[in-house]
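To keep things clear, I will list the structure first and then write my remarks on it.
The values are calculated or read from the model by the stated rules, or taken from the named source; none is laboratory data. What you see is a predicted model; the values in this text were computed from it and never measured. FYI the Cβ positions are ideal-geometry reconstructions off the backbone, even for glycines, and counts take in every protein chain you see.
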Amino acid sequence: MHIVIDGYNYIHRIKGAAVEMGASMDLLRRDFLEKCARYKKMRSARITVVFDAYDSFSPGRHSENFRGIEVVYSKEHETADDVIIGWIRSRPAGLIVVSSDRAIIDAAKSKGVSFLTPVKFAEMLATPVSGSDEEEDYPDNTRRKKGNPRKLPKKIRKAVKGIDKL
């Protein structure tokens, strides 16, 4: 499983008020990466966070490692959206995208790639992972229902299956 996150999209959706009040983007970025590192420690998932460096003077993409999280900065005249859409088109197997950007979500849907909104991913980062099985959520005297007989389209079922692995 490889989780790819549109970094600034996530920060603006979750910490929008802090950004508007003039909070330091470096601090917000670092706080977000710390949360991702804690999540990675609980779950063995590969996590890549892509940040825009659109106005920079870097001729190529560059990346760094932050506590096991791969952090990628786009190159000059390239957005994080361009990078993520390129990855969706080239290697969709096991990829889960976190963004609320319509172009990224449309590309993910067209390739059958699982996606999450930043709000949903923030909830996942905030909830502790239990080591117990799902069976403990249901009392012994009740049964699980078998599900809705009206199935979703195959692409959507496949995307949901990838999200359930998180």
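May I ask you to say which residue of A107, A37 is of a type in the set (G, A, S) and touching a Gly at 6+ places or on another chain (Cβ under 9 Å)? Even if it seems obvious, please write down each step before you answer.
Numbers: A107 fails: touching a Gly at 6+ places or on another chain (Cβ under 9 Å).
None of the other options fit; the residue is A37.
For the range 3-26, the set of residues classified as over 12 Å from P118 (Cβ atoms), at pLDDT below 90 and either in a strand (DSSP E or B) or aliphatic (A, V, I, L, M) (or both) consists of A17, A18, V19, M21, A23, M25, listed by residue number. Note on the range 89-122: among residues that are in contact (Cβ under 8 Å) with a residue 40 or more places away in the chain and in a helix (DSSP H, G or I), the one that is farthest from the chain's Cα centre (by Cα) is K109.
Taken over the range 30-47, residues that are outside any helix (DSSP H, G or I) and free of Cβ contacts under 8 Å to residues at least 40 places away in the same chain amount to 1. Here S110, S114, S63 are screened, and the one residue that is in contact with a helix residue (DSSP H, G or I) (Cβ under 7 Å, 6 or more places away or on another chain), hydroxyl-bearing (S, T, Y) and modelled with pLDDT of 80 or more is S114.
Applying the set (1) out of contact with any helix residue (DSSP H, G or I) (no Cβ under 8 Å at 6 or more places or on another chain); (2) outside any loop (DSSP other than H, G, I, E, B); (3) at pLDDT 85 or above to K75 leaves exactly one unmet item: (2).
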